[in-house]
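Heads up: the structure comes next, in structure tokens.
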């Protein structure tokens, strides 16, 4: 059920990126899409009654292993690493998008994409 | 951009050092607690952004100029690649090989200490430097755009 | 010599971060370093012909770790990427003198090459997504490099559509991880083979086709290409049109559909429909263009349609259980056309850059009679146009012939008719371009244009020689068995890819 809500958020972001006319609103729509996908990725790793996957001294057994009770209860840490990477990628992409918006405002004087239409055909 | 009032300037000049220290803590303990290179780097950058917001862009630029930040950026990335490259020369000869990994010996636990987990803290430090420098560079460059300026950085 | 696989990714990445350190004074040293790196990549790519190996990063064995995989298809694409990037870098030593901030251009160029090499070599789908993003973001910045009005508009359009495509791909990766529990391509393929496809995986496959189809500029996802490719500087247009849409779009689509998911009849028909639409729409829209680079961009859309048509035809024949010899012939045609198009489309874009640098315009109506002023550009442009139109014995003819023969042997006569029809359209559009640019009479303001010499000429002549010679890839038997056959075999084997990778563990 939460996955369906994630998908709904994704579709809202897609709608916003496709329909809106202001450049900054389009950028915000793309951001909402990215958040939806990150949320979906994190929710994939959830395990009911789970604990955070951080190993503490109390979970170490003799001989250097990790306690079984921890392993069967810990939340999957791989999607969290994937989401960290995806957040950094979206940061770089967002910086580039905003700088292009600023430069376009300098040149054209407006943020409205229906007026930025010199390339046709 | 100009700076802010005298209260903000005083408080932020004390607080920015604490933020920087907190960033270093998050970077260094990245293999034990949540955080690591990316998150710590963002906090390091935000201390310089606080400087820029409170004192004005020109002051922050004198403190850490564009060229210096750019060189830190490249140095961080090259350091990360050097750490990965040295894995080639040890034993099993593979990139990113954790050649500083210490085995757990009986009675001499090395796990969960600061100096454990091999090359991961070194990678974290390199990434922390790089992310901090590049994020500060991005915000500084974005704040330099003015409607009447001509050539800026083409980023 | 065996080159460790991460060197293909680490070498341009290290170069990308060393180049900004040179600053304004070391511009020539920076350019020399960049040229050496790209030529080194060509040498290394040639040395990997015929090999097939994997490399586990950090000696963590799969599925816990990430691996890099080199097989026939990756080797073919590495060759294409390195050759085109070497030629574009040679060209840009003279061409980019018009722009300021050349060291940042070189840095972004190297990042784009890193991204493409990473996509081609990756054995793990999230790793593929990360390198896809590196290459895409570098290309968004490069498209809007000279910050004029139209370049910024084109860059914004490209960036919005490209980001949406990347989000589709990430969503699909998340769905695949949720349904199979692993990220490694070989293990995903094995899990899908044993468990079959459920609703989530089918939706993920649809999202992959949409996302990678947008990167490959298939109709109806092509809207960004006619604006982005003309606005970029000429060597970047050559890279974008020559290799980026193929390495990020067609290669990724092939890898996902053939090797991981496995093809069915429905998927085959979807690919063929997209391909035929691209071919027809691209060719028809290109006929009415009066901007030289925009014409070349629309022609790119139709030629990528050829490549995907060859692959789709092979997919359909395999899925229906037909004659595997015909299927492998179709895939051979598609992959050969991929190589050919990389070479001659980048040569055409470099020609347009040379013309633009000399005359300062891209509009066909303002040019004319440049044949006696720029003889070398005219010669290379003629070779490239003849090749793309399918004139024997140049390279383009062979790949189109193979696709037509495969279509006839599979008894899809209408596909063969469409291929021949679009070839005629291509011939018409390039005759028109040639007549307006080089023949006719010289306008007043262009009386004193000069030929561009030096590194630009060298890059164009190298690609022209390759155009002529690449027909030999099919005719000469040892070249065919070493370069093309392994690539075809990888695509044909499909799900056996996973068995090979796991056996090499």
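None of the figures in this text is laboratory data; all of them are computed from the coordinates on show. No experiment lies behind these values; they were computed from the predicted model shown. Here the Cβ is made from the backbone with ideal geometry for all residues, glycine too, and neighbour counts use every protein chain on show.
List of remarks:
- For A:23, C:357, the sequence from fewest to most other C-beta atoms within 10 Å is C:357, A:23.
- Computed E for residue A:66/residue B:144 - FRET, C-beta separation, R0 41 angstrom, nearest 0.05: 0.25
- Burial ordering of C:143, C:250, B:15, fewest other beta-carbon atoms within 10 Å first: B:15, C:250, C:143
- Prolate/oblate/rounded call for the protein assembly as shown, Cα gyration tensor, a/c under 1.5 rounded: oblate
- Ranking of C:372, C:56 by count of other Cβ atoms within 10 Å, fewest first: C:372, C:56
- Taking each DSSP H run with n ≥ 4 as -39500 (n - 2.57) and averaging over every residue of the protein assembly as shown yields -22500 deg cm²/dmol at 222 nm.
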